[in-house]
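S.K.: I'd like to ask you about the structure that follows.
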Amino acid sequence: MNAEERLPLVANISLLFAEVPYLERFARAAAAGFTAVETWWPWSDPVPPPGGVDTLVAALDDAGLRLAGCNLYGGDLPAGERGIACDPARTEEFAANLDAVVGIARRTGCPVFNGLYGRRRPDVPVAEQDALAVAQLATAARRLGEVGGTVLVEALGRGLNGTYPVTNAQEAVAVVDRVRETAGADSAGFLFDTFHLTTSGDDLPQVIADHVGVIAHVQVADAPGRAQPGTGVVDVPGVVDALWAAGYRGAVAAEYSPTVPTEQTFGWLDETPRLAALTPRA
Ligand SMILES: O=C(O)C(=O)CO
């Protein structure tokens, strides 16, 4: 298969290469043969510490990697938070984070930014939370669109993420539609994640058939367990073929928690010729 017939492969360095400290994962990914990485928001605050973005850019440059995706600040992830877009108490954090994210987009050319919706607050009407999330994601879509970026909406597996309200493809695409309409721009898209969608009971080939036009990024992991493809029930090679056949031409990120050292988890790529091959450095 020619290089032009393959989809670009990306390593998610928040989950892959987690055997080593964060800044060492860039070199590991390059040594394994990746040419691009994506990351969850790398810092604990919405605004990077002084020099933080320089350090990120240097880590990418030193390893010869592109930044292919980045999450917006998601709140306190270890404590279970999953985004702040719908939370009226966090609008200043969202705005400050968005300024930083636009700066990262400018410096790195990163094309997609995952704007996690946020879990429900019990004390604020649902309609108010939804209106706020759509308005803030629309602002993100407009501002990122100006620098060549796209904001992503991700469904997270039902039952695994507390009161996170966007749990399947239909719900995520409905948010994308509202965000696009509000922004007056198409720089918002659906993040198709095989682990999360399977966990929520979605039929992946049907989701592709129904929604390929709004899929702006893909992440693969098996389910259950979120480990490397081949450890669960997801037919990752089949999904990648179906995406290609339906016309998807974006990136596919390996976003899983390896059950063995990361370098030993890439056997599934041999069964997935539609993805760019790894070319380890000598
Ligand atoms: O929190 C998660 O599980 C994610 O996939 C964030 O992008």
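S.K.: So if the hydrodynamic radius of region 68-188 is defined as the Kirkwood radius over C-alpha pairs, what does Stokes-Einstein give as its diffusion coefficient at 10 °C and 1.306 mPa s, in µm² per second?
M.R.: Approximately 112 µm²/s, per Stokes-Einstein.
S.K.: Arrange the following residues from fewest to most other Cβ atoms within 10 Å of their Cβ: D186, D193.
M.R.: Values: D186 15, D193 27.
Listing D186, D193 from fewest to most nearby Cβ atoms yields D186, D193.
S.K.: Can you figure out the FRET efficiency of A277 with Q170, using R₀ = 35 Å and their beta-carbon distance, to the nearest 0.05?
M.R.: About 0.55, to the nearest 0.05.
S.K.: Still on this structure, I have one more. Which of the DSSP-defined H helices in the chain satisfy a minimum axial length of 18 Å, computed from C-alpha atoms, and a minimum mean Kyte-Doolittle hydropathy of -1.0?
M.R.: Correct list, ordered by number: 91-108, 126-146, 169-183.
S.K.: Next question, about the same structure. What does the net charge come to around P122 if you take all other residues with beta carbon closer than 13 Å to its beta carbon, with K and R at +1 and D and E at -1?
M.R.: Once all neighbours under 13 Å are counted, the net charge is 0.
S.K.: Can you put E154, E146, E38, E93 in order, fewest other beta carbons within 10 Å first?
M.R.: Numbers: E154 23, E146 13, E38 26, E93 16.
Placing the least packed residue first, the sequence is E146, E93, E154, E38.
S.K.: Sort out for me the Cα centre separation of region 1-49 from region 175-223, rounded to whole Å.
M.R.: Rounded to whole Å, the Cα centres lie 21 Å apart.
S.K.: Cut-off 10 angstrom, C-alpha nodes, Gaussian network model of the chain. Which of L98, L152, L77 fluctuates the most?
M.R.: L77
S.K.: Given bins 10 angstrom wide, list per bin the percent of all Cα-Cα distances in region 1-151, short to long.
M.R.: 11, 38, 33, 15, 3, 0
S.K.: Gain in length, R249 to L77, computed as 0.36 nm per residue apart minus the alpha-carbon separation, to one decimal in nm? Let's see the in-between values first.
M.R.: Details: separation 172, 0.36 × 172 = 61.92 nm, distance 3.03 nm.
Length gained, R249 through L77: 58.9 nm.
S.K.: Would you mind getting me the FRET efficiency between D186 and D61? Use the beta-carbon distance for r and R0 = 25 Å, nearest 0.05.
M.R.: Computed FRET efficiency for D186 and D61 comes out at 0.20.
S.K.: Give, to the nearest whole percent, the P(r) tail of the chain beyond 36 angstrom, counting all Cα pairs.
M.R.: Cα-Cα pairs in the chain separated by more than 36 Å: 9 percent.
S.K.: How much length would be gained if the chain were fully extended between D54 and A96, taking 0.36 nm per residue of separation minus their Cα-Cα distance, in nm to one decimal?
M.R.: Numbers: separation 42, 0.36 × 42 = 15.12 nm, distance 1.78 nm.
Net length gain for the segment: 13.3 nm.
S.K.: Here is a further query. As a check on your grasp of the helix formula, calculate [θ] at 222 nm for the chain: sum -39500 (n - 2.57) over DSSP H runs of n ≥ 4, divide by the residue count, round to the nearest 500.
M.R.: -11000 deg cm²/dmol
S.K.: Give me T265, T91 ranked fewest to most by other Cβ atoms within 10 Å of their Cβ, as a rough exposure proxy.
M.R.: Lowest to highest Cβ neighbour count: T91, T265.
S.K.: R0 = 45 Å: FRET efficiency of M1 with V126, Cβ-based, nearest 0.05?
M.R.: 0.45
Quick note: the coordinates plus some simple rules give every number you see, no bench work behind them. Everything numeric here is computed off the predicted structure, so don't read it as measured data. For neighbour counting, all protein chains shown are included, and Cβ atoms are generated from backbone atoms with ideal geometry for every residue, glycine included.
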